[in-house]
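The values are calculated or read from the model by the stated rules, or taken from the named source; none is laboratory data. Keep in mind that this is a model prediction, so the values were computed, not measured. Every residue, glycine as well, gets a Cβ built from its backbone with ideal geometry; the counts of neighbours run over all protein chains shown.
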Amino acid sequence: MTAREADVLVVGAGLAGLAAALRLTAAGRSVRVLEASDAPGGRMRSDAVDGFTVDRGFQILNTAYPELRRIGLPDGLDLRPFVRGALLRDARGLHLVADPRQVPAGAGGLVTAPLGSAVRRALLGAYLADVTALPASRIRHGRDVELAKALRRRGVTGDPVEHFLRPFLQGVLLERELRTSSRFVAFVLRSFAYGDVGVPAAGMGALPLALAARLPEGTIEYAARVVAVRPGEVDIAGGGTRAAEAVVVAADPRTAAGLLGLRQPAMHAVTTVWHAVAAPPTRRPVLALDTEGGPVANSVVMTNAAPGYSPDGRALIASSVLGPEPVPDRLLRSTLARIWGVGTTGWQEVAVTWVPAALPALPGGSPLRKPVRLAEGLYVAGDHRDTPSSQGALVSGRRAAAAYLAGR
Ligand SMILES: Cc1cc2nc3c(=O)[nH]c(=O)nc-3n(C[C@H](O)[C@H](O)[C@H](O)COP(=O)(O)OP(=O)(O)OC[C@H]3O[C@@H](n4cnc5c(N)ncnc54)[C@H](O)[C@@H]3O)c2cc1C
């Protein structure tokens, strides 16, 4: 029998694994995190490319996420906020639609943006007011259907969907059809209403690095790929079995499903193309969205929010495209030229981050929480057990740890 090396082995040092390890060590348990790669963060990592900070796909933190509040935003993260709103591109120009509490000029966009008749605007306004005003418990216990259906039921159709909700939400949900759970979307919209959205000054990877630094030194073992899992035991690539009282599998959704014999979750894909430009097309830290149905889900001048993403005076722009297929460079550049209203031939490609398994799908009717205890001594965590978000990943890790601590 293999000697136990810790109370709990955690497989994976993404947000879920880190949250589990933090909760367990806070409760006085010994933990060993086995991470296949060379750093913590999983899908939330940043790389240095020619001096630029390039996240592994454009993503943001939202300070209204309850679990981020619970775990505590690390000191020194220096969250650089974006405008709570968007620039909407249509044939007439770019319309800034933003929370007027943050950007007074954003209120004007609500009038000029292509959102259709007064009745349609009022129905959209009523839907947004409802989801942001409802207590979280009402949303959690409410009826769940796919978002497209929930919107139709409320009469939110036509321009408000095509020119605002779909362009905005596709970049968050990483799907265009709005098949995602209406309750999850309500939580997302609430968090945009109540929190700041931004990126750490040093890149998204700064968050998991800071969380990992809260663990006792040596807790995380890198280059340790787990190839088989049993209750209280794992096998490592290259040989060797590790034992503990329990194992928490916090690998990415596909790997976790493979290791645990769970059903493979459907995953949404996204590619982010990073360009360096001499002069940014806007000085505002705000997402630009295409209301004309092009291939770009969103485009944003990262350095307007976080100047440290660039090593010199050039601006860094992140533009994201949904789906597993890359978009030909000419089409990407012509779409970006139309969205921003500037020439893009001089834009220099810095990096392309292709993430074929970025977010697990959460279709309407899905439970917002799935069980984390699989057997005695065997637990699972990750955004596929909760909502597809950093919030979901962190909650799932805490839940798995709590289930172990409670002996459930
Ligand atoms: C492009 C993109 C944009 C996103 N945008 C947002 C956003 O704006 N807002 C938001 O809230 N969320 C967003 N997300 C989602 C968020 O990043 C994830 O939900 C979260 O990071 C998932 O964390 P996790 O710990 O569940 O999994 P992961 O981050 O996948 O971590 C799993 C870890 O397990 C390790 N691992 C895998 N296999 C093994 C093995 N066999 N042995 C040992 N270790 C293993 C991996 O190396 C990794 O470190 C986005 C994600 C992507 C990719």
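Details
- Lone qualifier among VAL277, VAL249 - being more than 11 Å from the ligand (Cβ to nearest atom), of a type in the set (A, V, I, L, M) and either within 30 Å of GLU5 (Cα to Cα) or not assigned by TED's automatic domain parsing to the domain that holds PRO160 (or both): VAL277
- All positions within the stretch 1-59 that are more than 11 Å from the ligand (Cβ to nearest atom), closer than 16 Å to ALA250 by Cα, among the basic types (Lys, Arg) and not in a strand (DSSP E or B): ARG23
- Within the set GLY364, GLY382, GLY397, the sole residue that is touching a helix residue (DSSP H, G or I) at 6+ places or on another chain (Cβ under 7 Å) and at positive phi turns out to be GLY382.
- Residues that are surrounded by 17 or more Cβ atoms within 10 Å (Cβ to Cβ) and outside any strand (DSSP E or B), drawn from the stretch 309-333: TYR309, SER310, ARG314, VAL327, LEU332, ARG333
- If you go through the stretch 160-182 and keep only what is more than 15 Å from the ligand (Cβ to nearest atom) and among the aromatic types (Phe, Trp, Tyr), you end up with just PHE164.
- The residue pairs whose first member lies in the stretch 335-364 and is under 30 Å from THR387 (Cα atoms), whose second member is within 16 Å of the ligand (Cβ to nearest atom) and polar (S, T, N, Q), and whose beta carbons are closer than 6 Å, counting only pairs six or more residues apart or on different chains, are THR353/THR272; TRP354/THR271; LEU362/THR180; LEU362/SER181; GLY364/SER181.
- Cβ pairs under 6 Å, 6+ apart, first in the stretch 28-55 and on the phi < 0 side of the Ramachandran plot, second of a type in the set (D, E, K, R) and more than 8 Å from the ligand (Cβ to nearest atom): ARG29/ASP7; SER30/ASP7; ARG32/GLU5; LEU34/GLU221; VAL54/ASP47
- Of residues in the stretch 183-204 being away from the ligand (no atom under 12 Å from the Cβ) and within 29 Å of PHE52 (Cβ to Cβ), the one modelled with the lowest pLDDT: ASP196
- Residue among LEU331, LEU374, LEU336, LEU394 that alone is modelled with pLDDT of 95 or more and within 19 Å of the chain's Cα centre (by Cα): LEU394
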